[in-house]
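What follows is a set of notes on a single structure, which appears directly below.
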Amino acid sequence: MAKSFLSWPVVRQFTGADRLGRGAAARSAATEEIEARTETADRVARSVCPYCAVGCGQKVFVKDEQVVQIEGDPDSPVSRGRLCPKGSASKNLVTSSLRQTAVKYRAPYATEWTELDLDTAMDMIADRVVKARNDTWQDLDDQGRKVRRTLGIASLGGATLDNEENYLIKKLFTAMGALQIENQARI
Ligand code: SF4
């Protein structure tokens with residue numbers, strides 16, 4: 001009885017060094033047993049939050065080759081260790097059993113998705129881009145002015161694209177002669 005009374009947080013607060021009750025005095029025996037996943041990880045990888053164009057830095061903690069925790073990276077000049085609630089939850093995105101890890105393809109008129117390997121999917125996309133460009137290429141407009149463009153291809157980027165990706169997308173699509181190059185953030 002005396003032992004449990006002496007272990008009360010308020011008793012420890014007024015008899016120990018933690019007079020404000022913000023540290024050792026308020027800590028329970030159960031809390032003392034807990035080890036942070038960040039302490040027991042095998043290694044830490046640096047990454048960037050995938051959710052938005054802010055690009056906050058992340059530290060990805062790995063144990064037994066599994067992602068066990070993702071935290072803000074204090075060394076990131078962009079975010080200095082902070083993550084918003086969305087970024088803080090990105091472990092769920094990485095480890096979710098609902099995460100799609102294969103290319104899904106639904107053929108015209110098909111009612112079901114099929115899986116494709118990445119090389120096949122990339123070839124199919126390239127074939128369609130080349131065909132769309134060839135089919136819709138315009139050297140001159142209807143008034144005979146030189147335009148050298150295609151209106152058959154457009155790009156709509158999302159907010160998860162970073163500066164470098166947007167730069168490359170703009171270069172690629174402009175080089176192909178596309179005019180409609182937009183981003184969700186501008187719309
Ligand atoms: S942590 Fe939040 S603000 Fe930072 S990149 Fe991710 S979603 Fe954007």
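The values are calculated or read from the model by the stated rules, or taken from the named source; none is laboratory data. Computed from a predicted model, the values in this text were never measured in an experiment. We place every Cβ from the backbone using ideal geometry, glycine too, and count neighbours over all the protein chains shown. When the accessible area is computed, the model is the full protein with side chains, heavy atoms only, and any ligands, DNA or RNA have been set aside. Shrake-Rupley method; radii C 1.70, N 1.55, O 1.52, S 1.80 Å.
Obtain the nm distance between the two label points defined at Lys146 and Glu65 by a simple spin-label model: each point lies 7 Å from its Cα along the Cα-to-C-beta direction.
About 5.8 nm, to one decimal.
Measuring from centroid to centroid over Cα atoms, what is the spacing of the stretch 117-187 and the stretch 18-73 in Å?
42
Over the stretch 1-113, with the other protein chains present, what is the accessible area per residue in square angstrom, probe 1.4 angstrom?
On a per-residue basis, 77 Å².
Dimensions of the stretch 116-186 along principal axes (Cα, Å, largest first)?
Principal extents (largest minus smallest coordinate, Cα): 41, 31, 16 Å.
How large is the helix-only mean residue ellipticity at 222 nm for the chain, computed as the sum of -39500 (n - 2.57) over DSSP H runs with n ≥ 4, divided by its residue count, in deg cm²/dmol to the nearest 500?
Computed mean residue ellipticity for the chain: -9000 deg cm²/dmol.
Over the chain, what is the mean sequence separation of C-alpha contacts under 8 Å (at least six apart), divided by residue count, expressed as relative contact order in percent?
Values: 238 pairs, mean separation 22.2, N = 187.
Relative CO of the chain lands at 12 percent.
How much accessible surface does Ile181 have with a 1.4 Å probe, in Å² rounded to 10?
Counting only protein heavy atoms, Ile181 exposes about 40 Å² to solvent.
Given a 1.4 angstrom probe, I'd like the percentage of the accessible area of the chain that is carbon and sulfur, rounded to a whole number.
After summing per-atom areas, the C and S share lands at 55 percent.
Just to be sure I understand: if I project the alpha-carbon convex hull of the chain onto a plane and average over all orientations, what area do I get in nm²?
The orientation-averaged projected area of the Cα hull of the chain comes to 19.5 nm².
Past 25 Å, Cα to Cα: identify those pairs from Lys131/Lys170; Lys146/Lys171; Lys59/Lys86; Lys91/Lys170, in the order given.
Beyond 25 Å between Cα atoms: Lys91/Lys170.
Given a Förster radius of 25 Å and the C-beta distance between Val103 and Arg37 as r, what FRET efficiency does 1/(1 + (r/R0)^6) yield to the nearest 0.05?
Once the sixth-power term is evaluated, E becomes 0.20.
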